[in-house]
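Accompanying notes for the structure given below.
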Amino acid sequence: MPNQRILIVDDEASLRTALFRTLDRKGFQVVTASTIKEAETFSQSEKPVDLALVDLRLPDGDGMEFMTGLKSKWPDVQVIILTGHGTVETAVEATQKGAFHFVMKPCNLEEIMTLVNRALSQTELQKENLRLKSALHKKYHFENIVGQSDEITDVLEVIEKVAASDSTVLIMGESGTGKELIARAIHFNSERMNKPFVPINCGAIPSELLESELFGHMKGSFTGAIANRMGRFEMADGGTLFLDEIGDMNPNLQVKMLRVLQEKCFEPLGSTKTVHTNVRVVAATNVDLERAVEEGKFREDLFYRLNVIPVRVPALRERKNDIPLLIHHFMESFNRTRQRSLKGIAPEALQLLVNYSWPGNIRELENLVERLTILKGSGVVEISDLPERYRQSALSADPAELDIPENGLDFNSAVDAYENALILKALEKTGWNRNQAALLLRLNRTTLVEKIKKKGLKPPHEANA
């Protein structure tokens with residue numbers, strides 16, 4: 001691990017020299033000192049020490065006291081204590097105070113090198129964990145929830161206020177609207193951000209297994225329970241448990257969930273031991289829980305326990321002004337991860353997508369952009385690049401149901417998009433026979449050919465070539 005800085009503090013000159021030579025040959029930056037006073041001159045520099053090898057007894061002080069001071073300046077530094085006068089009690093004390101390891105003299109250089117590599121690997125792992133946590137925090141920052149419409153802005157205002165609290169949150173919205181993204185944003189902007197975020201989809205796990213998944217079980221508690229298993233509540237201790245599709249939870253389990261929310265404790269299956277938990281619950285559902293309560297499918301008391309802070313995530317068709325932003329966002333993301341170079345989307349193709357109903361919401365839009373990025377690869381997305389269902393939607397729309405966004409639309413582009421969709425439909429229906437397509441559309445053949453050429457319409461195999 002080159003370029004890492006190691007400090008050796010020992011009054012035994014032969015050991016200092018041997019350690020210096022061994023570590024220097026491995027590419028480490030090594031500094032040595034024979035006393036605490038001398039070592040402090042190095043530790044006062046701004047350049048951090050990654051690891052220190054420190055003698056327990058030094059001419060001018062105690063090695064463990066020096067270690068404590070070193071760790072107060074650089075909390076991530078690893079320290080290996082060296083001593084010729086150690087006891088089990090001293091070794092325990094050293095590790096309790098933060099030492100990575102305790103080594104008896106005379107030292108075996110191979111053993112020292114093994115410990116050095118292990119200590120530095122642990123440091124790198126800790127740094128990587130911090131980097132990942134920082135990246136997660138950045139990824140799920142509120143600013144990264146794409147959208148400027150009033151509908152999504154209202155949601156962001158609510159969750160920014162909610163994140164700092166410890167209140168239970170119920171996120172409501174159709175499938176694919178980004179409910180888990182909202183839940184993660186709440187967690188990673190809360191005081192629990194450095195603790196686990198544990199998701200579980202209550203609708204994806206059979207009801208007979210869901211209780212074990214949530215609360216854990218003891219060995220032998222049921223057929224197939226061959227070992228003790230920790231549940232999601234225990235995994236999420238100190239952090240956030242995200243209960244997705246909680247409306248699918250069966251009534252018997254709803255009773256146990258209510259108790260956990262009220263009393264903050266539970267018993268794993270097959271155990272009489274009560275486990276206390278410190279978990280923030282964020283739940284989500286794509287069903288109308290109030291109606292489910294009226295129909296007797298969901299417990300009223302549990303609903304009110306969950307519905308402390310309700311958050312309704314709008315469907316994509318309710319925030320059409322955000323569709324161009326989302327397309328641009330996904331296109332940039334997939335260009336980067338798929339190593340493609342799409343430049344944008346033609347106005348008439350964009351208008352088709354804005355007017356589409358998006359039953360799969362943002363998830364459907366993301367999947368479409370990924371598909372276009374892979375198949376198109378480069379250039380500008382045209383109507384002919386869109387799958388048929390998106391082109392067909394313009395033809396099947398009832399004019400009375402067409403939606404005009406609040407900020408208006410480009411009339412000429414919308415009409416052009418509709419015309420393109422009609423021409424493409426006729427061409428597809430006739431196997432791209434221009435004579436037959438012209439007959440279907442009651443156009444002069446030369447007029448149709450000119451329109452196809454002007455609009456740059458191509459068969460799918462040519463458009464994606």
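Considering the conditions (1) farther than 30 Å from residue 316 by Cα; (2) at pLDDT 75 or above; (3) of a type outside the set (S, T, N, Q), residue 155 is excluded by exactly one of them, (1). Report every pair of residues separated by at least 6 positions or lying on different chains whose Cβ atoms are under 6 Å apart, first residue within the stretch 195-209 and in contact (Cβ under 8 Å) with a residue 12 or more places away in the chain, second of a type in the set (Asp, Glu) and part of a loop (DSSP other than H, G, I, E, B). The qualifying pairs are 201/245; 202/245; 203/245. Applying the criterion of at least 1 residues that are among the hydrophobic types (A, V, I, L, M, F, W, C), free of Cβ contacts under 8 Å to residues at least 24 places away in the same chain and under 22 Å from residue 122 (Cα atoms) to the helices (runs of 4 or more DSSP H) found wholly in the stretch 1-107 leaves 13-25, 88-96.
Is it true that some residue in the stretch 133-144 is surrounded by 13 or more Cβ atoms within 10 Å (Cβ to Cβ), modelled with pLDDT of 90 or more and hydrophobic (A, V, I, L, M, F, W, C)? No, the stretch 133-144 contains no residue that is surrounded by 13 or more Cβ atoms within 10 Å (Cβ to Cβ), modelled with pLDDT of 90 or more and hydrophobic (A, V, I, L, M, F, W, C). Put simply, of 124, 111, 128 the only residue that is acidic (Asp, Glu), modelled with pLDDT of 85 or more and assigned by TED's automatic domain parsing to the domain that holds residue 53 is 111. Looking across 55, 24, 60, one residue alone is acidic (Asp, Glu), over 41 Å from the mean Cα position of the chain (by Cα) and loosely packed, with under 15 Cβ neighbours inside 10 Å. It is 60.
Residue 381: closer than 27 Å to residue 360 by Cβ, assigned by TED's automatic domain parsing to the domain that holds residue 350 and modelled with pLDDT of 80 or more, yes or no? When the stated conditions are applied, residue 381 passes them. I need the full set of residues from the stretch 304-340 which are hydrophobic (A, V, I, L, M, F, W, C) and assigned to a helix (DSSP H, G or I), in order please. Matches in the stretch 304-340: 306, 316, 323, 325, 326, 327, 330, 331, 334. The set of residues from the stretch 412-433 being free of Cβ contacts under 8 Å to residues at least 40 places away in the same chain and either surrounded by 15 or more Cβ atoms within 10 Å (Cβ to Cβ) or of a type in the set (A, V, I, L, M) (or both) comprises 415, 418, 419, 422, 423, 425, 426, 427, 430, 432.
Residues in the stretch 1-46 that are modelled with pLDDT of 90 or more, in contact with a Lys or Arg (Cβ under 6 Å, 6 or more places away or on another chain) and not β-branched (Val, Ile, Thr): 10 alone. Can you name every residue in the stretch 316-353 that is out of contact with any strand residue (DSSP E or B) (no Cβ under 7 Å at 6 or more places or on another chain) and closer than 14 Å to residue 391 by Cβ? Matches in the stretch 316-353: 348, 350, 351, 352, 353. For the stretch 188-197, the criterion of being assigned to a strand (DSSP E or B), touching a helix residue (DSSP H, G or I) at 6+ places or on another chain (Cβ under 7 Å), more than 15 Å from residue 250 (Cα to Cα) and assigned by TED's automatic domain parsing to the domain that holds residue 236 is met by at least one residue.
In the stretch 193-232, of all residues being surrounded by 14 or more Cβ atoms within 10 Å (Cβ to Cβ) and among the basic types (Lys, Arg), the one that is nearest to residue 266 (Cα to Cα) corresponds to 232. Looking at the stretch 343-357, can you tell me whether even one residue there is under 21 Å from the mean Cα position of the chain (by Cα) and at pLDDT below 95? There is no residue in the stretch 343-357 that is under 21 Å from the mean Cα position of the chain (by Cα) and at pLDDT below 95.
The values are calculated or read from the model by the stated rules, or taken from the named source; none is laboratory data. All values reported here derive from a predicted model rather than from experimental measurement. Positions of Cβ are backbone-derived with ideal geometry, glycine not excepted, and every protein chain shown enters the neighbour counts.
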